[in-house]
Amino acid sequence: MSMFARYASQQFPVEGTLDNCYQILHEQQPSAINIQHPDNPPLFAWVEWQLYQITGNKERLHKLILDKAWLQKHYRFIENSRRWSVVRGANVRMSIHKENYGYLWHGTPSGMDNTPRGRNRYHDIYWLDLLAMQVLSAQYISRMAKELSEDQLAAEYKILAEEGTELLNRYYWDDEDGLYYDISRKNPRQQCKVKTPASFWPMLAGACRSDQALKMASHLESDGIFGGRFPWPSVSRDDPDYHASGHYWKGGIWLPLAYMGTQALKQYGFHDIADTTAERLLNNMYQTWQQFEPHSIWEAYAPEAHRPATTEHPRKEQLVRPDFCGWSALGPINMLIESVLGFENISAPERTIHWRIYQQCRHGLNNLSFGDTVTSLLYTHKPAPEISVTSNKPYTLKVFYRGEQRDFKITRGFQHIRLSENESNRVNRLP
């Protein structure tokens, strides 16, 4: 929720919501709210960096990394967890347990409740995604520390990220299949070959080499695995446990994993695949909204029809929950802005917007806020391609258009940018 609410952080209390979690887990502060699963996926560092890109609030980085050290505490909280230990302020005991080759975990706290990973023997496998998430956390803690000129802390967490990356690639990567798999607790050299989008967490964490990333991206071009008209099913379509109606995590399309995978693809330059699958997924959500009653945003979506997914109870054929923006709003907000409209990177600290224009139609954003800047951008292609921009503050607009990058210095006020091939890249400014 923080990922899409950050686009309206002045309206939604994103920072305070995250602080609630830190204060309960790491300050043991009494609270009127409880945390359900304290060992939910440890994504705070990734989320906080994305929030920082929009707000530019460096004081918050100082609080997170130096004053409170909440992100380091959460990293160690996962590292030092012991199975079934009690956490004050949480409703459920911990299920994470770290051993030499990885982490034990469970379907429900991982978010993938009835996933066929491990074939229902969850405690017999080391979960690849939790290891990758810890690498991801270490990467972003290191990046935040560097932003604060804390070089020693940055180096410490960079080493931790490198150690996790080495473990992932030594034991969890299968070069023939081109995927990361969970591994057996009894024999870490044995992989548990269930293909799920969880395999893309190492890619998001930057653990892949370019040749590994290329193999992983190819699975989004295969109808029988994660591609097709309804991309990102929660288990590969060639898996024996796959269900065409979804059955929760046995085929259902879940926006958190789809968004993560899309971001992972972009990180390695697979923009076309990321954009194509994002558009197909959003079309599925839109067609479901139109065709299926009640007209709603759903908890998860079916992998072969414009309809919501079914729950994990195969005999009852019940539908997942409607009115569920909780995480499904990642589609019509984040994936629309970042993949369909092409605003791939908005950075308040650097005062830049990266806009990859590939849609040949009128499109843009009004009243985009980042830091102290509010700007509106509109691309039109008739009679000639150009961008209209208004802004209350100066910034740099980096436009990726027809295979080229062009940088434009945006000033306060209104301006036209001509993109025609036979025109110079001049900016016409109006008062």
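Residues of segment 185-219 being surrounded by fewer than 17 Cβ atoms within 10 Å (Cβ to Cβ) and hydroxyl-bearing (S, T, Y), which ones? Matches in segment 185-219: S210, S218.
Name the single residue, out of those in segment 374-392 being surrounded by fewer than 17 Cβ atoms within 10 Å (Cβ to Cβ) and in contact (Cβ under 8 Å) with a residue 24 or more places away in the chain, that is nearest to the chain's Cα centre (by Cα).
So in segment 374-392, the residues surrounded by fewer than 17 Cβ atoms within 10 Å (Cβ to Cβ) come out as 374, 376, 378, 380-384, 388, 392.
Checking the rest, the ones that are also in contact (Cβ under 8 Å) with a residue 24 or more places away in the chain come to 384, 388.
On the way: A384: 35, S388: 30 Å.
Filtering segment 374-392 for residues that are surrounded by fewer than 17 Cβ atoms within 10 Å (Cβ to Cβ) and in contact (Cβ under 8 Å) with a residue 24 or more places away in the chain, the one nearest to the chain's Cα centre (by Cα) comes out as S388.
Taking segment 393-421 as the range and being closer than 19 Å to G56 by Cβ, of a type in the set (A, V, I, L, M, F, W, C) and in contact (Cβ under 8 Å) with a residue 40 or more places away in the chain as the test, only L397 passes. Against the numbered list (1) in contact with a helix residue (DSSP H, G or I) (Cβ under 8 Å, 6 or more places away or on another chain); (2) in contact (Cβ under 8 Å) with a residue 24 or more places away in the chain; (3) more than 30 Å from P349 (Cα to Cα), E99 comes up short only at (1).
The residues listed here are A305, A264; of these, the one that is out of contact with any Asp or Glu (no Cβ under 9 Å at 6 or more places or on another chain), of a type in the set (A, V, I, L, M, F, W, C) and crowded, with 24+ Cβ neighbours inside 10 Å is A264.
M144: in contact (Cβ under 8 Å) with a residue 60 or more places away in the chain, in the same structural domain as H62 (by TED's automatic domain parsing) and not in a loop (DSSP other than H, G, I, E, B), yes or no? Steps first, please.
Numbers: in contact (Cβ under 8 Å) with a residue 60 or more places away in the chain: yes; in the same structural domain as H62 (by TED's automatic domain parsing): yes; not in a loop (DSSP other than H, G, I, E, B): yes.
Criteria met by M144.
I'd like the full set of residues that are touching a Gly at 6+ places or on another chain (Cβ under 8 Å) and in a loop (DSSP other than H, G, I, E, B), limited to segment 81-139. Result: D113, N114, T115, W127. Might you let me know whether segment 266-287 holds any residue that is part of a strand (DSSP E or B) and more than 30 Å from R209 (Cα to Cα)? No; the residues of segment 266-287 include none that is part of a strand (DSSP E or B) and more than 30 Å from R209 (Cα to Cα). Can you name every one of the strands (runs of 3 or more DSSP E) wholly within segment 318-373 that holds 3 or more residues which are without any contact (Cβ under 8 Å) to a residue 24 or more places away in the chain? Here the list reads 363-370.
Considering (1) farther than 16 Å from I333 by Cα; (2) crowded, with 20+ Cβ neighbours inside 10 Å, the lone condition that D238 does not fulfil carries the number (2). Checking each residue in segment 310-326 for being farther than 16 Å from L255 by Cα and among the charged types (D, E, K, R) picks out E312, R315, K316, E317. Please indicate, with yes or no, whether at least one residue in segment 290-312 is more than 26 Å from L204 (Cα to Cα), of a type in the set (K, R) and not in a helix (DSSP H, G or I). Looking through segment 290-312, at least one residue is more than 26 Å from L204 (Cα to Cα), of a type in the set (K, R) and not in a helix (DSSP H, G or I).
Being crowded, with 17+ Cβ neighbours inside 10 Å, in contact with a strand residue (DSSP E or B) (Cβ under 7 Å, 6 or more places away or on another chain) and touching a residue at least 24 places away in the same chain (Cβ under 8 Å) is a property that holds for G89.
Selection of segment 1-57 for residues being among the charged types (D, E, K, R), touching a residue at least 12 places away in the same chain (Cβ under 8 Å) and in a helix (DSSP H, G or I) yields R6, E15, E48.
The values are calculated or read from the model by the stated rules, or taken from the named source; none is laboratory data. Just so it is clear, the model here is predicted, and its values are computed rather than measured. Positions of Cβ are backbone-derived with ideal geometry, glycine not excepted, and every protein chain shown enters the neighbour counts.
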